[in-house]
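The values are calculated or read from the model by the stated rules, or taken from the named source; none is laboratory data. Just so you know, these numbers come straight off a predicted model, no measurement behind them. Glycine gets a Cβ as well: all are built from the backbone with ideal geometry, and neighbour counts include every protein chain shown.
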Amino acid sequence: MTLHVRTIAAEQHLAFIAERGSASFLQTPAWSAVKSEWRGESIGWFRGDDLVGVGLVLYRQVPKLKRYLAYLPEGPVLDWSHDVPEALDAMSAHLKANGAFGIRMGPALVTRRWEAATLKAALADDVLNRLGDVPADHTDDTALAVAQQLRSLGWREQAAEGGFSAGQPKYNFQVPLAGRTEDDVLAGMNQLWRRNIRKAAKQGVEVTEGTRDDLAEFHRVYVETAERDHFTPRPLSYFQTMWDAMTAEDPQRLRLYLARHEGDLVAATTLVQVGTHAWYSYGASTTAKREVRGSNAVQWQMMRDALAGGAEVYDLRGITDTLDTDDSHVGLLQFKVGTGGEAVEYLGEWDLPLNRPLYAAFTAYMKRRG
């Protein structure tokens with residue numbers, strides 16, 4: 001039977017993800033409420049009456065026109081091992097009928113993986129400057145085949161930096177948890193990480209879970225972090241909206257962690273979990289009392305809780321692909337490598353123009369916006 005796509009209810013969407021085991025939190029119905037400047041739609045792929053795939057579509061309107069870019073961040077949620085052309089044709093027809101002039105998606109498929117030992121050696125090698133230049137420890141033939149299919153179907157791979165503010169990182173860092181105990185995870189960390197976790201405990205750092213009322217305190221430290229690290233912070237209202245939308249969908253979907261030393265908040269983070277996948281989402285720390293290692297303590301507590309909650313992956317999210325020790329961004333990779341995890345390369349984000357003049361105009365508009 002032919003695949004077709006139609007709008008589905010949030011309950012159907014969530015039930016499919018639950019049966020599958022996990023999906024990106026950016027593909028849950030709640031995420032459309034977080035991204036309120038977009039119009040959200042849950043869609044389903046059906047073969048006859050059987051639901052075989054789902055996706056969250058976010059529609060961004062062209063200024064002054066009722067035409068949209070349809071965006072599926074880290075989605076859709078499909079079986080990418082077969083029927084890819086048919087599934088994408090069905091999606092394109094549905095989205096075009098809803099006014100889309102172009103589609104952007106980022107299938108959550110990992111193409112390559114680099115283990116911690118490989119990364120440490122690469123960081124110590126003066127010749128290597130980019131992660132992509134390092135031979136991977138593992139490659140996924142299915143993901144690589146999907147990339148070839150997308151090119152043949154007219155999809156265009158987007159540059160990792162891009163001019164599109166919603167774009168997701170192509171390179172991420174993950175700590176595998178499946179089949180491991182707390183002791184296994186701790187033993188997999190480097191000596192510095194283990195020492196810092198012990199130091200935080202010895203110094204009396206206490207990590208607790210917060211409530212919605214604690215978001216303001218988290219936000220205060222987050223703004224301090226933004227000023228120190230030179231990025232533009234999101235407003236408190238963004239985190240309040242995220243809390244309301246995601247915890248309404250599942251009380252354990254979003255959790256807030258607060259690390260205190262002698263009553264002073266020294267680090268704060270958010271953890272998102274969908275089934276077997278947990279993400280470190282936002283983090284903040286104070287300049288004062290950095291020596292008590294609150295950031296290590298809060299990360300360790302999140303890993304332990306993710307493991308106890310059935311997670312098979314603890315995801316520290318994005319890294320850049322630089323290995324250049326003179327590049328300030330390399331410090332993030334060095335910090336994450338200490339967890340003993342692995343760097344992963346996703347398939348990336350891909351565009352399909354449905355109306356080429358409008359797509360070209362929108363792309364130019366987004367580039368002007370920076």
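Observations, loosely collected:
- Selection from region 244-272 of residues that are without any contact (Cβ under 8 Å) to a residue 40 or more places away in the chain, touching a Lys or Arg at 6+ places or on another chain (Cβ under 8 Å) and either outside the structural domain of Ala306 (by TED's automatic domain parsing) or surrounded by 20 or more Cβ atoms within 10 Å (Cβ to Cβ) (or both): Leu271
- From Glu11, Glu86, residue being surrounded by fewer than 15 Cβ atoms within 10 Å (Cβ to Cβ) and farther than 28 Å from Leu271 by Cα: Glu86
- Residue match in region 114-137 (condition: within 21 Å of Ser24 (Cβ to Cβ) and out of contact with any helix residue (DSSP H, G or I) (no Cβ under 9 Å at 6 or more places or on another chain)): no
- Qualifying positions in region 134-162 - without any contact (Cβ under 8 Å) to a residue 12 or more places away in the chain and either at positive phi or of a type in the set (Asp, Glu) (or both): Asp141, Glu161
- Per the conditions (1) more than 20 Å from Ser81 (Cβ to Cβ); (2) part of a helix (DSSP H, G or I); (3) of a type in the set (S, T, N, Q), the sole criterion not satisfied by Gln168 is (2).
- Tally of residues being modelled with pLDDT under 95, of a type outside the set (Asp, Glu) and part of a loop (DSSP other than H, G, I, E, B) across region 322-342: 4
- Some residue of region 90-102 being surrounded by fewer than 20 Cβ atoms within 10 Å (Cβ to Cβ), aliphatic (A, V, I, L, M) and in contact (Cβ under 8 Å) with a residue 40 or more places away in the chain: yes
- Among the residues listed as Glu349, Glu345, the single one being acidic (Asp, Glu), over 17 Å from Leu69 (Cα atoms), under 18 Å from the mean Cα position of the chain (by Cα) and modelled with pLDDT of 95 or more: Glu345
- Hits in region 320-338 (condition: touching a residue at least 24 places away in the same chain (Cβ under 8 Å), closer than 14 Å to Leu131 by Cβ and not hydrophobic (A, V, I, L, M, F, W, C)): Thr320, Asp321, Thr322, Asp324, Thr325, Gln334, Lys336
- Scanning region 54-82 for residues that are surrounded by 15 or more Cβ atoms within 10 Å (Cβ to Cβ) and at positive phi gives a single hit, Glu74.
- Filter pass, Pro233 being surrounded by fewer than 20 Cβ atoms within 10 Å (Cβ to Cβ), within 30 Å of Ala18 (Cα to Cα), at pLDDT 95 or above and not hydroxyl-bearing (Ser, Thr, Tyr): no
- The lone criterion from (1) more than 28 Å from Leu352 (Cα to Cα); (2) buried (at least 17 other Cβ atoms within 10 Å of the Cβ) left unmet by Trp155 is number (1).
- Residues being farther than 30 Å from Ala245 by Cβ and part of a helix (DSSP H, G or I) - total across region 176-222: 20
- Of the residues making up region 19-53, those that are among the aliphatic types (A, V, I, L, M) and within 18 Å of the chain's Cα centre (by Cα) number 5.
- Matching strands (runs of 3 or more DSSP E) fully within region 223-315 where at least 3 residues are more than 26 Å from Lys202 (Cα to Cα): 264-274, 277-285
- Selection of region 201-230 for residues being among the acidic types (Asp, Glu) and either closer than 30 Å to Gln12 by Cβ or exposed (fewer than 12 other Cβ atoms within 10 Å of the Cβ) (or both) yields Asp213, Glu227, Asp229.
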